[in-house]
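The values are calculated or read from the model by the stated rules, or taken from the named source; none is laboratory data. Keep in mind it's a predicted model, so treat the numbers as computed, not measured. Cβ: placed from backbone, ideal geometry, glycine included. Neighbour counts: every protein chain shown. These accessible areas exclude ligands, DNA and RNA; they are computed on the full protein's heavy atoms, side chains included. Shrake-Rupley method; radii C 1.70, N 1.55, O 1.52, S 1.80 Å.
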Amino acid sequence: MKRVYLDHNATTPIHPEVKAAMIAAMEVFGNASSHHSFGREAHELIENARKTVADALGAQPEEIIFTSCGSESNNLVIKGVTCGNSVCKIGCERSEVIISAIEHPSVLNTAKCLQGEGKIVHLCPVNENGVVKLDVLESLISDKTALVSIMYANNETGAIQPIEEIANMISGRNIIFHTDAVQAFGKIPINVKKLNLDFLSLSGHKIYGPKGVGVLYKKKLRKVCPLIHGGHHEFNLRAGTENTVHIAGLGKAVELCIADMDSEWQRLGELRNWFEAEVVHRIPDSIVNGADADRMAHTSNISFRYIEGESILYDLDFDGIAVSTGSACSSGSLEPSHVLLAMGMDHGRAHSSIRFSLGRSTTKEDLVCTLGALERTVTRLRNMSPLWKDRIKKA
Amino acid sequence: MNQYSEILLDHFRNPRNVGDLPDANGVGEVGNEACGDIMKLYIKVNDEGIIEDARFETFGCASAIASSSIATEMIIGKPVEEAIHLSNKAIADALGGMPKHKLHCSVLAVDALARAVANYRGETVEDAPDPVICHCMGIKKSAILDVIEHGIDDLDEIAARTEAMTGACGGERCRPVIEKMVKDFFGDEK
Ligand SMILES: Cc1ncc(COP(=O)(O)O)c(C=O)c1O
Ligand code: FES
């Protein structure tokens, strides 16, 4: 059976050239801290990757900290600037942190953890398209604000957040600004200097690189307390002998995605828009969530009313089509996606949502195949649904 | 990660007895859209008190659909008096096991059946002798009372002994009810 992978926001396959770079890096076993030739070889691989990442962000190599994943990067900045014995004066002296209501759990739960340590955490609401409400954000910011952390693009809806506007709002107020760019980096141009960002997180496996490696960009004069104490690795900010293989893979992945970023954006945007138009045309009571936001070109979040998302996911999986859902039933919690609820969506619509995330390998043929399967699935499940029956009766 | 057994997936993919039953003499509906599942069960009971036929309509996840499907199979041909004792555990077992956070789907099927039978008998469910208190885990009132009557008033201890409040909702739904049961039993001084 031909399988179709439409879950690129969850993770992406490793690019063959990334794989080759990683295999080559496996031959380089030296410890990058060692002063002999073996060590120097490993050091060189890591520093090349650092330079590639720095160039891609418009940053300096010494502003790039390699971590074990996007989640670690988010933890490092949020805990690291606010921690009690923090080297970061602002984070220490000021008591409030602002994040958005639609952050990834690695930001949301880390911020919640700060509450236990006496910080006040504000959740900035979003509008019905899943975009942070700037006027509310403005009203939340005060001279007590230590850190503002707003994601660049949302993983469930693809909604791009007004990062530049937020940066301007914060500018000159000596507040630390972080963005989780795990879903945006490598897909849209991001320049940390132009945006005047203090911190930015990214992750290898969302950009056709390996899992288990990430980056925290840290602006030169900003300070952060490490999560993992130990040796002098990563400018004393992340101890542990560097993961040479993964870092080399990440470097290659960054190089590759920057190279065809514009053409992929164009191509995937056209495919996505065509797909959404077809879905809405062919499947009654399907609604694109966050449709009016400025969105990542490859992400589509659609509710299929009167049926439940997890059942759609499993039914499509029988046809070899891989998607994801914001329904509660997939995660085992009672509440459906906090992102969709934050957009003011009723529970029923949130429960019936499916995320399609396209990627490098996605073709029009894949989407044609998905549309056919989707029509069958939705019809089959609706024929079982008492809600659909009521809907038909009313019509 | 396939959290579901082959049997469960088969009942999801090829559900038995879907649809309504025009000559049903008992109908039970449970759940709501906000919680993500609704189950409607139709039964037709003959003069000898045997469930001749059953059908279901379900809005919900794969395991909710599979639970409804297998429940209809398990009650067709059974006397009502016997069918009413169908437990959520029997449903979960018949499906080849269910992940813990999905157990509430099997509970939903049992609830729907209780309501369908009550409807057939012309009763309302409030009269049901032993209602389910913890819907995530399928724990009935009697099981919880049994622990409370042994002098246990600590909610964590009740949870440890009965598994109530340990389901998908983390006790959000059943904890207040159990708290009240403890209060009612021990009085206010506790
Ligand atoms: C927005 C966002 N932030 C952070 C992460 C976490 O990245 P990682 O899986 O590398 O920890 C993800 C991945 O799911 C994400 O989508
Ligand atoms: S109802 Fe008891 S744990 Fe959810």
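Of note:
- Candidate set from the range B:10-28 (those that are within 12 Å of chain A (Cβ to nearest Cβ) and polar (S, T, N, Q)); member that is surrounded by the most Cβ atoms within 10 Å (Cβ to Cβ): B:Asn17
Here's the yes/no breakdown for (1) part of a helix (DSSP H, G or I); (2) aliphatic (A, V, I, L, M):
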| residue | (1), (2) |
| --- | --- |
| A:Glu234 | yes, no |
| A:Glu242 | no, no |
| A:Val245 | yes, yes |
| A:Gly251 | yes, no |
| A:Cys257 | yes, no |
| A:Asp262 | yes, no |
| A:Arg267 | yes, no |
| A:Phe275 | yes, no |
| A:Pro284 | no, no |
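Yes/no matrix, rows are residues, columns are (1) more than 29 Å from A:Lys19 (Cβ to Cβ); (2) of a type in the set (A, V, I, L, M, F, W, C); (3) outside the structural domain of A:Cys369 (by TED's automatic domain parsing):
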{"site": "A:Phe177", "(1), (2), (3)": "yes, yes, yes"}
{"site": "A:Asp198", "(1), (2), (3)": "yes, no, yes"}
{"site": "A:Lys220", "(1), (2), (3)": "yes, no, yes"}
{"site": "A:His233", "(1), (2), (3)": "no, no, yes"}
{"site": "A:Asn243", "(1), (2), (3)": "no, no, yes"}
{"site": "A:Ala248", "(1), (2), (3)": "no, yes, yes"}
{"site": "A:Glu276", "(1), (2), (3)": "yes, no, no"}
{"site": "A:Ile283", "(1), (2), (3)": "yes, yes, no"}
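Here is a yes/no grid of residues against (1) away from ligand 1 (no atom under 16 Å from the Cβ); (2) aromatic (Phe, Trp, Tyr); (3) open to solvent by 10 Å² or more (accessible area, probe 1.4 Å); (4) assigned to a strand (DSSP E or B):
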| position | (1), (2), (3), (4) |
| --- | --- |
| A:Ile78 | no, no, no, no |
| A:Gly91 | yes, no, no, no |
| A:His122 | yes, no, yes, yes |
| A:Glu128 | yes, no, yes, no |
| A:Asp135 | yes, no, yes, no |
| A:Ser142 | yes, no, yes, no |
| A:Glu164 | yes, no, yes, no |
| A:Asn168 | yes, no, yes, no |
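- Test for A:Arg40: is it among the basic types (Lys, Arg) and either free of Cβ contacts under 8 Å to residues at least 12 places away in the same chain or within 16 Å of ligand 1 (Cβ to nearest atom) (or both): yes
- Between A:Lys220, A:Lys194, A:Lys211, the distinction of being within 16 Å of ligand 1 (Cβ to nearest atom), of a type in the set (D, E, K, R) and either out of contact with any Phe, Trp or Tyr (no Cβ under 8 Å at 6 or more places or on another chain) or closer than 25 Å to A:Gln115 by Cβ (or both) belongs to A:Lys211 only.
- Neighbours by Cβ (under 8 Å, 6+ apart or cross-chain): first from the range A:62-73, more than 14 Å from chain B (Cβ to nearest Cβ); second within 16 Å of ligand 2 (Cβ to nearest atom) and part of a loop (DSSP other than H, G, I, E, B): none
- Where B:Ile7 falls short, out of the listed (1) in a helix (DSSP H, G or I); (2) in contact with a helix residue (DSSP H, G or I) (Cβ under 8 Å, 6 or more places away or on another chain); (3) buried (at least 17 other Cβ atoms within 10 Å of the Cβ): (3)
- Within the range B:45-66, the only residue that satisfies the criterion of being open to solvent by 30 Å² or more (accessible area, probe 1.4 Å) and hydrophobic (A, V, I, L, M, F, W, C) is B:Ile50.
- Neighbours by Cβ (under 6 Å, 6+ apart or cross-chain): first from the range A:227-242, at negative phi; second loosely packed, with under 13 Cβ neighbours inside 10 Å and assigned to a loop (DSSP other than H, G, I, E, B): A:Ala239/A:His229; A:Ala239/A:Gly230; A:Ala239/A:Gly231
- Matching entry among B:Glu157, B:Glu172 (being away from chain A (no Cβ under 14 Å) and open to solvent by 40 Å² or more (accessible area, probe 1.4 Å)): B:Glu157
- Condition check for B:Ala66: within 14 Å of another protein chain (Cβ to nearest Cβ), out of contact with any Ser or Thr (no Cβ under 7 Å at 6 or more places or on another chain) and among the aliphatic types (A, V, I, L, M): yes
- The criterion of at least 1 residues that are away from chain B (no Cβ under 14 Å), on the phi < 0 side of the Ramachandran plot and within 27 Å of the chain's Cα centre (by Cα) is met, among helices (runs of 4 or more DSSP H) falling completely within the range A:294-395, by A:338-342, A:364-382.
- Under the condition of being over 13 Å from B:Val117 (Cα atoms), of a type in the set (A, V, I, L, M) and assigned to a strand (DSSP E or B), the residues counted in the range B:31-74 number 2.
- Enumeration of residues in the range B:137-168 that are in a loop (DSSP other than H, G, I, E, B) and away from ligand 2 (no atom under 15 Å from the Cβ): B:His150, B:Gly151, B:Ile152, B:Asp153, B:Asp154
- Applying the criterion of being free of Cβ contacts under 8 Å to residues at least 12 places away in the same chain and in a helix (DSSP H, G or I) to the residues of the range B:75-98, the residue that is farthest from the chain's Cα centre (by Cα) is B:Glu82.
For (1) open to solvent by less than 30 Å² (accessible area, probe 1.4 Å); (2) touching a Ser or Thr at 6+ places or on another chain (Cβ under 6 Å); (3) among the hydroxyl-bearing types (Ser, Thr, Tyr); (4) within 16 Å of ligand 2 (Cβ to nearest atom), each residue gets a yes or a no:
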site: A:Asp315; (1), (2), (3), (4): yes, yes, no, no
site: A:Glu335; (1), (2), (3), (4): no, no, no, yes
site: A:Leu341; (1), (2), (3), (4): no, no, no, no
site: A:Gly348; (1), (2), (3), (4): yes, no, no, no
site: A:His351; (1), (2), (3), (4): yes, yes, no, no
site: A:Leu358; (1), (2), (3), (4): yes, no, no, no
site: A:Ala373; (1), (2), (3), (4): yes, no, no, no
